[in-house]
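J.: Quick one: this structure, given as structure tokens, is what I'll be asking you about.
The values are calculated or read from the model by the stated rules, or taken from the named source; none is laboratory data. Quantities reported herein were computed from a predicted structural model and do not represent experimental measurements. Counting neighbours? That spans all protein chains shown, and the Cβs are built from the backbone with ideal geometry, glycine included. To get the accessible areas, we keep the full protein, side chains included, count just its heavy atoms, and leave off ligands, DNA and RNA. Shrake-Rupley method; radii C 1.70, N 1.55, O 1.52, S 1.80 Å.
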Amino acid sequence: MAPLFFETVRIKDGEIYHIHYHNLRLNTTMQCHFPGHDPVDLRNYIDPPKEGLYRCKITYSNTILSVEYFPYIPKSIRSFTIIPIDFEYSFKYLDRKNIEKAIAMVSTDDAIFVKDGLLTDTSIANIAFLYKKSWITPKKPLLFGTTRMRFIEARKLQEADIEVDDLEKFEQMAIMNAMIDFVPLPSVTIQSQRRIYAL
């Protein structure tokens, strides 16, 4: 059975945000799994609502399967638990059972996944940390997000390997994804097995 993937696109008052990056990731995914596939332009499939903020979810395999629109309200996230994982999520798979299983283990707002000793992502966002006036993001995220890509290209983010112990030297944390863009968090707690970090 062919794998299923999805893209999440921000739509506000009829405007489709950063479609170039979603097209790039979708077509890279398709080319990897279905070599020789003709390029897809998601603008041909999205008929955006004219008013309000929406999460547009495009489900696809070797073709576009569905396009859905959901009103979007951002969640407040202020606490994280460090969770070691051994699974991969290098493509935006529709099947998120491993992520959901890991999240079910925590009582905080979200988790930060650690793989091979290095910080990767939360369950819904790429992450970054402020260090000496520069924002640092994990070099090896769980998923290479579209917002992360934009900010790296704009030289607003630097990539580095980040270990759990590095958290003590950071001044602030930020999360980023297609719906929220780049959001510095005013104060967070990050709980590991050994200690709690306050940023």
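J.: How far, in nm, would the chain grow between Asp109 and Leu24 when pulled straight, counting 0.36 nm per residue and subtracting the alpha carbon separation?
T.: Result: 27.5 nm gained on full extension.
J.: Now for a different question. So which lysines pass the test for Lys132, namely a Cα distance under 25 Å, with those fewer than 8 places away in the same chain ruled out?
T.: Within reach: Lys140, Lys156, Lys169.
J.: Still on this structure, I have one more. Could you list the residues of the range 100-133 with an amide nitrogen less than 17 Å from a label point located 7 Å from the Cα of Ser76 in the Cα-to-C-beta direction?
T.: It comes to 108-110, nothing else.
J.: Per residue of the range 92-108, what does 6.51 cos²θ - 1.76 cosθ + 1.60 with θ = phi - 60° give for ³J(HN,Hα)? Whole Hz please, x for Gly and Pro, Karplus curve as stated.
T.: 7, 5, 5, 6, 10, 4, 5, 5, 5, 5, 5, 5, 5, 7, 10, 9, 7
J.: Extent of the range 132-199 along each principal axis, from alpha carbon coordinates, in Å, largest to smallest?
T.: Principal-axis extents of the range 132-199 (Cα, largest first): 34, 24, 23 Å.
J.: Could you order Lys97, Lys115 so the one with the most accessible surface comes first? Probe is 1.4 Å.
T.: Lys97, Lys115
J.: Take the Cα gyration tensor of the range 39-131, multiply each eigenvalue by 5, square-root it, and list the three semi-axes largest first, rounded to whole angstrom.
T.: Semi-axes from the Cα gyration tensor: 29, 18, 13 Å.
J.: Then there's this: Which of Leu26, Gln193, Val67 sits closest to the plus end of the dipole of the chain, meaning its Cα is farthest towards the positive end, when Lys and Arg get +1 and Asp and Glu get -1 on the C-beta?
T.: Gln193
J.: Report, ordered by chain and residue number, the lysines lying within cross-link reach of Lys57, taken as a straight Cα distance under 21 Å and ignoring same-chain residues fewer than 8 apart.
T.: Cross-link targets: Lys12, Lys75, Lys92, Lys97.
J.: Quick one: dipole size for the range 1-130, taken about the Cα centre, charges +1 on Lys/Arg Cβ and -1 on Asp/Glu Cβ, in debye to the nearest 20. Spell out each step's value before the answer.
T.: Numbers: 14 positive and 16 negative charges, 40 e Å.
That gives the range 1-130 a dipole magnitude of about 200 debye.
J.: Contact order normalised by length for the range 1-93, with contacts defined as Cα pairs under 8 Å and 6 or more residues apart; what percent is it?
T.: Details: 118 pairs, mean separation 33.4, N = 93.
Dividing the mean separation by the residue count of the range 1-93 yields 36 percent.
J.: Helix 19-33 versus the longest principal axis of the chain: what is the Cα-based angle in degrees, 0 to 90, to the nearest 10?
T.: 80 degrees
J.: Oh, and also: Divide, for the chain, the radius of gyration over alpha carbons by 2.2 N^0.38 Å, where N is the residue count.
T.: On the way: Rg = 17.2 Å, N = 199, 2.2 N^0.38 = 16.4 Å.
The reported ratio for this selection is 1.05.
J.: Same structure again: Would you work out the relative contact order for the range 79-199, in percent, from Cα pairs under 8 angstrom that are 6 or more residues apart?
T.: Details: 221 pairs, mean separation 31.0, N = 121.
After rounding, I find 26 percent.
J.: Enter the accessible area of Val188 (Å², nearest 10), with the probe set to 1.4 Å and all protein chains included.
T.: 10 Å²
J.: Quote the accessible area belonging to Ser66 in square angstrom, nearest 10, computed with a 1.4 Å probe and with ligands, DNA and RNA left uncounted.
T.: Here the residue's solvent-accessible area equals roughly 40 Å².
J.: Round to the nearest 10 and report in Å² the accessible area of Phe182, as given by a 1.4 Å probe over the protein chains' heavy atoms.
T.: 40 Å²
J.: Take every Cα-Cα pair in the range 1-86 and report what % of them are more than 14 Å apart.
T.: Working: 2457 of 3655 pairs.
Of all Cα-Cα pairs in the range 1-86, 67 percent lie more than 14 Å apart.
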